[in-house]
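Let me begin by presenting the structure, written as structure tokens, before commenting on it.
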Amino acid sequence: MQLLKRFFRKENVCKGIVGISFLQNGISVAVSKFSESSTLTLIHCEFIDARKPEDQQDLLGELAAQHNLAEYDCHLVLTTDNYRRINIEAPAVAENEIIEAIRWKIHDLIDFPVDKAVIDYYQVPIAVRANSSKMLEVIASPIDIIREQVEKCTKAGLQLKVVDIHETTLRNLAAQLPENERGIALLYLLEFSGTLLIQKDATIYVSRKFEIGYKKLGLDDPFSSESVTANAHNNLALEIQRSLDYVESYYGIPPISTLAVIPLAENTHNLLDSLSSNLGIVARMIDLSTVIDCDILVDAQTQSLCAPVIGATLRYAIAAA
């Protein structure tokens, strides 16, 4: 992705990668260090509670000093409310003209001025249907949002190299799973929203965001028959099933047989029971501590809040695959 560009080109000895994401109520951080064989090992991961912007700046500076993070490449991960995704037909222009062509195509499709947006894209696989058009998934983010987060990183002394998004960082995690070559669906639920990613061989086929988080599912009471909760469970299963059916018919890949679920902060097993009873595929929780090289134990709550930044530290490994 071109959005994921180098902001600074100062050359230094890089010890590894630090993934950073600014959430509404804090900062999620993951630090992976290069070994002698140049593989990355997760050595630190935490969520820092900080609701005020000034607190985030101070705490990030303290964290950077404590762990010598200036010696790591920094990968900033935007949250899904920081950008918009738009699926469009690829403009028939030269490569060096494509960004401007995209700006023209999406100017009425986003809720902020296109001339004040950072634009990027990635290619979508070609459908098996006859005469299918080449499609792009476009990422648009207000430049002020990116600038503000970049400044937080640089003020903390971090060496910012990449700006990333949820879809590609979650793809990095899914690509570590044994079903990667056949294809796998990955579900990531936060409190009030969720993302479903379907990928094969580290290629994103579908990414869906929906306003169903684990708080709406009432997972602390698995026997609840409340209509609102039941509807949320049914709607979640329907979103997933429709996406699975779409990938199979539109792209012609073999049926996806596994749904991998990133741990929730709580009651993950109740979610798995619900999904398994409503879907025709196996739903299983993935422990990120066992999926990647890891020198630490990462509990479920930390994985729930930090999965995207953990995935961000795997960017180079995916690019080299």
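Against the test of being among the aliphatic types (A, V, I, L, M), more than 28 Å from Ile262 (Cα to Cα), at pLDDT 95 or above and in contact with a helix residue (DSSP H, G or I) (Cβ under 9 Å, 6 or more places away or on another chain), the options Ala101, Ala140, Ala65, Ala70 yield a single qualifying residue, Ala70.
Looking across the stretch 177-234, just one residue is in contact with a Lys or Arg (Cβ under 6 Å, 6 or more places away or on another chain) and at positive phi, and that is Gly183.
Within the stretch 27-71, the set of residues being without any contact (Cβ under 8 Å) to a residue 40 or more places away in the chain and either in a strand (DSSP E or B) or buried (at least 20 other Cβ atoms within 10 Å of the Cβ) (or both) comprises Ile27, Lys33, Phe34, Ile48, Asp49. Return yes or no: is Glu89 in contact with a Lys or Arg (Cβ under 9 Å, 6 or more places away or on another chain), surrounded by fewer than 18 Cβ atoms within 10 Å (Cβ to Cβ) and not assigned by TED's automatic domain parsing to the domain that holds Val206? Taking the combined requirement at face value, the residue satisfies it. Can you confirm whether the stretch 248-270 contains a residue that is surrounded by fewer than 17 Cβ atoms within 10 Å (Cβ to Cβ), assigned to a loop (DSSP other than H, G, I, E, B) and of a type in the set (D, E, K, R)? Within the stretch 248-270 (the criterion being surrounded by fewer than 17 Cβ atoms within 10 Å (Cβ to Cβ), assigned to a loop (DSSP other than H, G, I, E, B) and of a type in the set (D, E, K, R)), the answer is yes, since at least one residue qualifies. Within the stretch 157-171, being in contact with a strand residue (DSSP E or B) (Cβ under 9 Å, 6 or more places away or on another chain) and outside any strand (DSSP E or B) holds for Leu158, Ile165, His166, Glu167, Thr168, Thr169, Leu170, Arg171.
Cβ separations smaller than 6 Å between residues 6+ apart or across chains give the following pairs from the stretch 237-254 residues that are without any contact (Cβ under 8 Å) to a residue 12 or more places away in the chain and not assigned by TED's automatic domain parsing to the domain that holds Val124 to residues that are surrounded by fewer than 16 Cβ atoms within 10 Å (Cβ to Cβ) and not basic (Lys, Arg): Glu248/Pro255.
Is it the case, given these coordinates, that Ser304 is assigned to a helix (DSSP H, G or I) and without any contact (Cβ under 8 Å) to a residue 60 or more places away in the chain? No: the conditions fail for Ser304.
The values are calculated or read from the model by the stated rules, or taken from the named source; none is laboratory data. The shown structure was predicted, so the numbers you read here are calculated from the model rather than taken from an experiment. Backbone-built Cβ (ideal geometry, glycine too); neighbour counts: all protein chains shown.
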